[in-house]
């Protein structure tokens, strides 16, 4: 295997949880299983530290690892990290130990299998973000469904059978056409390698269909309005750790897919579909906010707020401006931290009250101050309060929107106001409402619970107060993607006022120098 | 060219003879103790003979990459089926002559893999079919088994007549029965209308074996009626024989000819019909029966492509197919009580009653869907890319949409096993039997993660047909 930095960081991040998952099957005691998984989680975090050495202005893809997989068909084991995936990988690694800590007492049955699922999830999620071979990407993308299905189906709430089936059917049905697109790209581009595919340019007609096939898969995963119906069901029924993983990592795969595949591979089609996707995003922001306002179940409320937040992310992506896209990536990270934290806290609350209704969890401010403090931090972050992480992301997206088209900006602003309305309503009721079911035995946050939440709480403020570090790291990658996209569209002769029929006649330009330059910097 | 290059066939023939002796001896002894090991040695023999090349019997019998690859698969499948059957201690019908018929059928299929002349091919096909006609009704005094047997014979006889009729047309039009001779001529309808009609009819004989729409009606009924172990055999190994012949025949028709279009259309209809019918099944074996109709449709993707990549994809897929089906039937046989047919409800709570079986079932089911990282996914990917490269875009779209349909009933298996509740007692099997099943599941995963060695073998085999 060829590695760039000597030590195969990414492979280690994938292999360690897999090996641990197999090892867990031979352990008898629950305590050993938990401690081992926690240790593996901490090891994951430590192993991911070298990724912080990512050089923003360096090669397009760093930490590249390459090995033959199936030479006859041109499939390779090809891993690499760039600005789009860096923070997603770090977030995935961080979530593993936190999920273990958060489910320490929450999960009481089939403990070994639960942790095996967590480890498999971590491995496949990191694989999704790091894969640079289209087939490899698809393998991880689909492999992740099985452990997630089991997390919901086995450890979920009362309607878990319905929710898990819906989750599985929806996401799998969406991604079947993605497989057809992968096969089609191989025929047209001659390879499965993502960097090599990025260098080439394709005829509009091909881009049009390939974009639709890929966008369906990604839109369901995000989930974009009208494909979001699996999300509330899955979120509500999943166990706390499942919800956290779902919110923090799974949803990001969809938006990551848009950035990694749709924009660079089908730039002309992305440009053509952008108005539609922007409209759908705004519809999602408003719709998610309105529905969240009417919920009495805390988990459902957060689930619908996710639809709104992810709407901001897709909005940012399809603005095609550096501000918009960097806001979107930052928002992906922020949503993972904030909503992940909220779902974790709801899990802790559920362990105490055995109810997710707002009415049963009212007026806790007096009795559980530490809990309410952290809950307040995450809630404020969720409504993008200045000083917290989401504020930076949302503002960047809105700036991008106003730069592009003020009407888009005006349309998105009510979404931000709705977020304030439903989050503050929730926060107010839970903190100061009339105490309904509180029992002294509930107790405030314990040491373990602090440990599970503190890292996320710190990140809320760290990114909120010093966002420049993050943005600097991701911006070169974004500039690269957007400039390649523009160069390809120009070379193709695509202009904004072209009719659909004219666009369909656009053939692929022979070669786009800028595209080849930008991507082939892989090995400096 | 020595007699040893025929070692796989000879070994299996020796087994048939040994079983024959055992079946006429007075002592009622069980052969289950030594048969799986002996069949396992047959796999080794096939492995050693993998590189053998040569021609026998006036070039009617040929050892090439394709035949040796499929002989390995047949030997492996036969060994696994005997292993599954050996675990069934209560089975009263698992007498030496039962296994003799099984081995005889596998032997016929092995011969079929090497036949490159139409008459020889027909004889080998019938050799493998006749023992199945006798095997399927063998299930105590079960009336359904008798019904299944009659259906299989009647349907088989009709299709065989059709195939022979087609054969006569081919001989009349082309004046040769050697495949090499046939391959050298044109197969477009405009040039040789009679030969194309003849070939289509001849293919029908193998579509019947493969249970391709519209020759699939026997399949669910026979699976349901036959013993679980017989069903495990009928569902897997005879399909290999059909695929190897279809690969040989499809190698000389180019894509987008009339014959190839028929293959593509039958494939598309077959996967759709199979998957839709499977959605409503409750009986596990019936469900797997309809699922195999759908899988026969997927194989057509590779055959319709007609390219070297398509042929090797079809060969690889049949390997994946027997692996995942044997794993699924292993679970079916393991959970069956008193040789009854298990239904979906019998899977309830399997997770608690037999965790290992539940895990094997999950691997098999996800592989049958075509979910990575399993053999089913790798095989499907190869088929799709081969078909897309030859311009069968609509067929690829139909195939991936079918994956979306099929997920529902395959997931149903996992759902019953993992989320169903049941008070039924735990299922206890000796450790060795579970390790045997676990090995099947591991192979399914391994073939999905590292498909390269087996794919290269399949590509090598197909490359010789399609230089």
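The values are calculated or read from the model by the stated rules, or taken from the named source; none is laboratory data. Model, not experiment: these values are computed from the prediction. Positions of Cβ are generated from backbone atoms using ideal geometry, with glycine treated the same way; all protein chains shown enter the neighbour counts.
Laid out as a table, the results:
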quantity	calculated
Test: residue in the range B:442-456 that is in contact (Cβ under 8 Å) with a residue 12 or more places away in the chain, outside any helix (DSSP H, G or I), within 22 Å of the chain's Cα centre (by Cα) and at the interface with another protein chain (Cβ under 10 Å from one of its Cβ atoms)	yes
Which listed residue, of B:296, B:308, is touching a residue at least 60 places away in the same chain (Cβ under 8 Å), under 19 Å from residue B:395 (Cβ atoms), buried (at least 23 other Cβ atoms within 10 Å of the Cβ) and in contact with a helix residue (DSSP H, G or I) (Cβ under 9 Å, 6 or more places away or on another chain)	B:296
Within the range A:169-199, considering residues that are outside any helix (DSSP H, G or I) and surrounded by fewer than 21 Cβ atoms within 10 Å (Cβ to Cβ), the one modelled with the lowest pLDDT	A:190
Answer residue from the range B:157-204, given it is modelled with pLDDT under 85 and in a helix (DSSP H, G or I) and is surrounded by the fewest Cβ atoms within 10 Å (Cβ to Cβ) among those	B:180
Selection within the range B:388-410 - more than 25 Å from residue A:189 (Cβ to Cβ), at the interface with chain A (Cβ under 8 Å from one of its Cβ atoms) and surrounded by 23 or more Cβ atoms within 10 Å (Cβ to Cβ)	B:407
Flag if residue B:135 is surrounded by fewer than 20 Cβ atoms within 10 Å (Cβ to Cβ), out of contact with any strand residue (DSSP E or B) (no Cβ under 7 Å at 6 or more places or on another chain) and more than 29 Å from residue B:461 (Cα to Cα)	no
Criterion: crowded, with 21+ Cβ neighbours inside 10 Å, over 24 Å from the mean Cα position of the chain (by Cα) and farther than 30 Å from residue B:453 by Cβ - qualifying residue of A:100, A:33	A:33
Out of A:403, A:428, sole residue that is in contact with a helix residue (DSSP H, G or I) (Cβ under 8 Å, 6 or more places away or on another chain) and in a helix (DSSP H, G or I)	A:403
Residue in the range A:259-278 that is within 17 Å of the chain's Cα centre (by Cα) and within 20 Å of residue A:170 (Cβ to Cβ) present	yes
Filter result for the condition that a residue is without any contact (Cβ under 8 Å) to a residue 60 or more places away in the chain and either in a helix (DSSP H, G or I) or out of contact with any strand residue (DSSP E or B) (no Cβ under 6 Å at 6 or more places or on another chain) (or both), over B:391, B:412, B:432	B:432
Sole residue being buried (at least 24 other Cβ atoms within 10 Å of the Cβ), assigned to a helix (DSSP H, G or I), more than 10 Å from every other protein chain (Cβ to nearest Cβ) and touching a helix residue (DSSP H, G or I) at 6+ places or on another chain (Cβ under 8 Å), chosen from A:218, A:206	A:218
Test result for residue A:136, within 20 Å of the chain's Cα centre (by Cα), under 18 Å from residue B:382 (Cβ atoms), at the interface with another protein chain (Cβ under 10 Å from one of its Cβ atoms) and assigned to a helix (DSSP H, G or I)	yes
Qualifying residue in the range A:88-95 (condition: touching a strand residue (DSSP E or B) at 6+ places or on another chain (Cβ under 7 Å) and over 15 Å from residue A:193 (Cα atoms))	yes
Exclusive hit being within 18 Å of residue A:98 (Cα to Cα) and touching a helix residue (DSSP H, G or I) at 6+ places or on another chain (Cβ under 7 Å), set A:51, A:24, A:47	A:47
Residues of the range A:80-133 that turn out to be within 14 Å of another protein chain (Cβ to nearest Cβ) and in a helix (DSSP H, G or I), as a count	11
The range A:55-68, subset touching a residue at least 12 places away in the same chain (Cβ under 8 Å) and surrounded by fewer than 20 Cβ atoms within 10 Å (Cβ to Cβ), residue nearest to the other protein chains (Cβ to nearest Cβ)	A:67
Exclusive hit being part of a helix (DSSP H, G or I), in contact with a strand residue (DSSP E or B) (Cβ under 9 Å, 6 or more places away or on another chain) and crowded, with 18+ Cβ neighbours inside 10 Å, set B:106, B:49, B:18, B:75	B:49
Filter result for the condition that a residue is touching a residue at least 12 places away in the same chain (Cβ under 8 Å), under 20 Å from residue A:218 (Cα atoms) and surrounded by fewer than 24 Cβ atoms within 10 Å (Cβ to Cβ), over A:320, A:312	A:320
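Every residue, every condition in (1) more than 21 Å from residue A:124 (Cα to Cα); (2) within 10 Å of another protein chain (Cβ to nearest Cβ); (3) in contact with a helix residue (DSSP H, G or I) (Cβ under 9 Å, 6 or more places away or on another chain), yes or no:
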{"site": "A:149", "(1), (2), (3)": "no, yes, yes"}
{"site": "A:155", "(1), (2), (3)": "no, no, yes"}
{"site": "A:159", "(1), (2), (3)": "yes, no, yes"}
{"site": "A:164", "(1), (2), (3)": "no, yes, yes"}
{"site": "A:167", "(1), (2), (3)": "no, no, yes"}
{"site": "A:174", "(1), (2), (3)": "no, yes, yes"}
{"site": "A:177", "(1), (2), (3)": "no, yes, yes"}
{"site": "A:183", "(1), (2), (3)": "yes, yes, yes"}
{"site": "A:193", "(1), (2), (3)": "no, no, yes"}
